[in-house]
1. Could you name the lysines whose alpha carbon sits less than 29 Å from that of Lys274, not counting residues in the same chain fewer than 8 places away?
2. Using helices alone, I'd like the mean residue ellipticity at 222 nm for the chain: each DSSP H run of four-plus residues gives -39500 (n - 2.57), total over residue count, nearest 500.
3. Report, by chain and number, residues whose modeled amide H sits under 5 Å from the one on Glu315, excluding near sequence neighbours (fewer than 5 apart, same chain).
4. What is the dipole size for the stretch 267-400, taken about its Cα centre, with +1 at each Lys and Arg Cβ and -1 at each Asp and Glu Cβ, in debye to the nearest 20?
5. Arrange the residues Arg154, Arg298 by how much accessible surface each exposes, largest first, with a 1.4 angstrom probe.
6. Working from the alpha-carbon coordinates of the stretch 43-117, get Rg over Rh, Rh being the Kirkwood radius.
7. Relative contact order of the stretch 15-167: what whole-number percent is it, with Cα pairs under 8 angstrom and at least 6 residues apart?
8. What order do you get for 79-89, 372-382 when each peptide is scored by the mean count of other beta carbon atoms within 10 Å, highest first?
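The values are calculated or read from the model by the stated rules, or taken from the named source; none is laboratory data. All values derive from a computational prediction rather than experimental measurement. Cβ: placed from backbone, ideal geometry, glycine included. Neighbour counts: every protein chain shown. Areas reflect the complete protein model, heavy atoms only, side chains present, ligands, DNA and RNA absent. Shrake-Rupley method; radii C 1.70, N 1.55, O 1.52, S 1.80 Å.
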Amino acid sequence: MHSNKIFSKNIKTVLLYNGENQLSYPIMYLNSDEKLTFSFDDLDADIKDYYYTIIHCNSDWTESDLMQSEYIDGFFSYPLIDYEFSFNTIQQYTHYNLIFPEQNLKPTLSGNYILKIFLEGNPDTTILTKQFYILEERVSISAVVKQATLIGERNYKQEIDFSIHHEKLYIANPFSDIKVIVKQNNRDDNSISDLTPLFVRNDHLIYDYETENTFNGHNEFRHFDIKSIRYLSDRIREMDTDSTQTNIYLYSDVSRPFMQYTTIPDLNGEFLIKKQEAWDSETEAEYVNVHFSLLADRKVSYGDIYLIGRFTDWELSEEYKLSFNENSRMYESSVYLKQGYYNYLYALNDTSTGRVDVSYIEGTHYETQNEYYIYVYYREIGKTYDQLIGYIKTTSDSLF
């Protein structure tokens, strides 16, 4: 199964989004004039012969049975030729950029795709992979987010009810031909992918469950602002800079599972690369060591604590794992990040249950403002791949 992955330690800050909006997700309409912006930094600060290709995937991100000639118009791989060196930074790097699709390589089918980067002449050695979506809209979706229906879940869960309208598309068997994936804040780690219609009425598929379509509301995201390293923003306790590096020390965080819900403006887990004093943040933003600390009475005996957010690709990676300091009674970590504005949460990887538990540290409240994404896939009779035929983004703002 393909996912967002970096396989080389010298690669940092991999971005893929729609147009010029860093906070958008990489989804675009089939055969449209839309473009995706892709970029990454190579901390080796040299020039490498990077190439890219795309891989068509099924709804579960396993590789589809299609040949590349069936979904690519043009070359099957093409070089990355747009790069710049960092300017006036302690950490030198090469910034690679791609505006996609290009005339020389274009996808021709809808569905899930992987953008794969590799070195020239060595396509089997993957440098990084990044997910994106091509949408061929053939159905419409209506959705509402509300408090959980069941009384026992109403204080901490959110329910998303939705309907798929397919007036212009004949679906022979909606229980097998249609696959729906629902994501909270576009996270893969807690997505719902096993829903079938509860009711089928004429050209409407209705997904109005009471518990199968609920999510923990969790809590508003924590944040820190390192767009400038000339002054201390509200979450920065201390910083120091020498000729080799900059260290940013954040104020210590506290667990909040039993705290009353408080509204905090956030980006629902997003991050934004930006240097306040720069003309071009892509090449002028600095890399800094950001030091996190979480107050804890004792070390958790049945799991490990991680940072998660879009900047971690919602993955539990060793790079974002915290260690328990017996002397300070804190979980601590240092992460090398490019200047910008970041949202994050703490997550427990519970080894006793095999679950990722965000509520253990962050708590969970039905009032939390979250975004929900619904993806609708269609496996047409006689076809060997999943088409992405519907997509909607909605929020829990209607709860208030």
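1. Filter leaves Lys5, Lys9, Lys12, Lys35, Lys48, Lys116, Lys130, Lys183, Lys227, Lys321, Lys338, Lys393.
2. On the way: 4 runs with 16 residues, N = 400.
That calculation yields -500 deg cm²/dmol at 222 nm.
3. Residues meeting the criterion, in which the H sits 1.01 Å from N, are Gly309.
4. Numbers: 12 positive and 22 negative charges, 57 e Å.
In debye, rounded to 20, the stretch 267-400 gives about 280.
5. Numbers: Arg154 85, Arg298 170 Å².
Of Arg154, Arg298, the descending order of accessible area is Arg298, Arg154.
6. Values: Rg = 15.3 Å, Rh = 14.0 Å.
Using Cα coordinates only, the ratio equals 1.09.
7. Numbers: 304 pairs, mean separation 35.4, N = 153.
About 23 percent, as a whole number.
8. On the way: 79-89: 13.9, 372-382: 18.5.
So the order, starting with the most tightly packed, is 372-382, 79-89.
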